[in-house]
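Report on one structure; see the data block that follows.
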Amino acid sequence: MLKRVLEYAHVLMQTAIQPGETAVDATCGNGNDTLILSQSAGNKGHVYAFDIQTQAIEKTKEKLAAASCTNVNMIHDSHENVDHYLPEDLKGKLAGAIFNLGYLPGSDKQVITTPDHTITAIDKLAQYLKPEGIIVCVVYYGHEGGSNEKNALLNHLADYDQKYYQILQYGFINQKNNPPFILAIEKKQVPQK
Ligand SMILES: C[S@@+](CC[C@H](N)C(=O)[O-])C[C@H]1O[C@@H](n2cnc3c(N)ncnc32)[C@H](O)[C@@H]1O
């Protein structure tokens, strides 16, 4: 009945992103999330996918090519620079963004997402969200440095103004070995006066 964490992250993205809209994968890794965003946005939509590792960019390109997805800009840069790549007129229109925190499975475990870059990227992306658009962070924190990032993120997001954003935490509290959980930031529809 209850959806597993990654499954629920995908449901949230698929619900938020309609055909023709734009989405961001901030940590493309092996491209699993990028593929879902690309398929949700469809031929008339667009996806920007970031990663700092060449291996991740190449894996994601392969995955997209195998599925004949042609609507993705692959960006070999840190997500903290997201605003260097998104068009100014996307502000207020971005349907969704996803982060999978931690390290790329099967690669160098020293290359991890970091609190300062993750928070900078989230703050920047929040300015681009459409009303009811969503940023989903899948927080893995079992690795060295992971708890630090988790705590920094929870502290930072707790200060987001509830008038403009609602933030969900979704995870299982009786699983062993620091299971991942979701932090989902939804921009609220603020009524015009
Ligand atoms: C948990 S993996 C992502 C898994 C991916 N979503 C998938 O479906 O396979 C985290 C990724 O974040 C990347 N990363 C770490 N710091 C980054 C940064 N500052 N900007 C962009 N990507 C970053 C890593 O290289 C790694 O590929």
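The values are calculated or read from the model by the stated rules, or taken from the named source; none is laboratory data. Predicted model only: the values in this text are computed from it and were never measured. Don't worry about glycine lacking a Cβ; one is built from the backbone with ideal geometry, like all the others, and counts go over all protein chains shown. These area figures cover heavy atoms from the full protein model, side chains too; ligands, DNA and RNA do not enter into them. Shrake-Rupley method; radii C 1.70, N 1.55, O 1.52, S 1.80 Å.
Below is a table of values for the structure above.
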quantity: Matching residues, segment 118-141, being charged (D, E, K, R) and without any contact (Cβ under 8 Å) to a residue 40 or more places away in the chain; calculated: D123
quantity: Every residue from segment 1-16 that is within 13 Å of the chain's Cα centre (by Cα) and either closer than 26 Å to Q55 by Cβ or of a type in the set (K, R) (or both); calculated: L6, A9, H10, M13
quantity: Strands (runs of 3 or more DSSP E) wholly inside segment 55-143 containing at least 1 residues that are open to solvent by 40 Å² or more (accessible area, probe 1.4 Å) and more than 12 Å from the ligand (Cβ to nearest atom); calculated: 72-75, 129-139
quantity: Pairs with Cβ under 6 Å, 6+ apart, first in segment 145-164 and farther than 16 Å from A121 by Cα, second among the basic types (K, R) and open to solvent by 40 Å² or more (accessible area, probe 1.4 Å); calculated: Y164/K188
quantity: Flag if D51 is within 14 Å of the ligand (Cβ to nearest atom), open to solvent by less than 40 Å² (accessible area, probe 1.4 Å) and charged (D, E, K, R); calculated: yes
quantity: Yes/no for T70 being polar (S, T, N, Q) and within 25 Å of Y164 (Cβ to Cβ); calculated: no
quantity: Enumeration of residues in segment 16-27 that are within 13 Å of the ligand (Cβ to nearest atom) and either open to solvent by 10 Å² or more (accessible area, probe 1.4 Å) or modelled with pLDDT under 95 (or both); calculated: T27
quantity: From the options G96, G92, residue that is touching a residue at least 40 places away in the same chain (Cβ under 8 Å) and not acidic (D, E); calculated: G96
quantity: Members of segment 100-128 that are under 18 Å from I36 (Cβ atoms) and among the hydrophobic types (A, V, I, L, M, F, W, C); calculated: L101, L104, L125
quantity: Selection status of D51, in contact with a His (Cβ under 9 Å, 6 or more places away or on another chain), more than 21 Å from K130 (Cα to Cα) and modelled with pLDDT of 95 or more; calculated: yes
quantity: Any hit, segment 28-42, residues being away from the ligand (no atom under 14 Å from the Cβ), within 28 Å of P179 (Cα to Cα), outside any loop (DSSP other than H, G, I, E, B) and open to solvent by 50 Å² or more (accessible area, probe 1.4 Å); calculated: no
